[in-house]
């Protein structure tokens, strides 16, 4: 199963819908839906902006690099830092609950 998370509730709702819409980003949501059909299961899930921080930094770094091939089996250091921080926060919360 593939889980795609996003912080835009409008976009996630459109992705989960089986209805066609006239929303401005219809071309993007339609393309994403077509790609999702290639997976056995695909879940579109709404998350908070904070939970999506790693993806946001990854997109920013990609735009900043202006390279045709951006990710080549590695993450930019800025993304690693954000993801590591989030993993530590999650681990800390889990340990406090025990």
Of all the residues that make up the range 52-98, how many are assigned to a helix (DSSP H, G or I) and surrounded by fewer than 15 Cβ atoms within 10 Å (Cβ to Cβ)?
25
Among the residues of the range 11-34, which ones are in a helix (DSSP H, G or I) and surrounded by 12 or more Cβ atoms within 10 Å (Cβ to Cβ)?
11, 12, 13, 14, 15, 16, 26, 28, 29, 30, 32, 33
Does residue 4 fit the bill of being touching a strand residue (DSSP E or B) at 6+ places or on another chain (Cβ under 8 Å), outside any helix (DSSP H, G or I) and surrounded by 12 or more Cβ atoms within 10 Å (Cβ to Cβ)?
yes
Just wondering, is there one or more residues in the range 37-49 that are without any contact (Cβ under 8 Å) to a residue 24 or more places away in the chain and loosely packed, with under 10 Cβ neighbours inside 10 Å?
yes
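All of the numbers you see were taken from the coordinates with simple rules; none came from a lab. Remember, predicted model here, so these are calculated numbers, not experimental data. Note: ideal-geometry Cβ built from the backbone for every residue, glycine included; neighbour counts use all protein chains shown.
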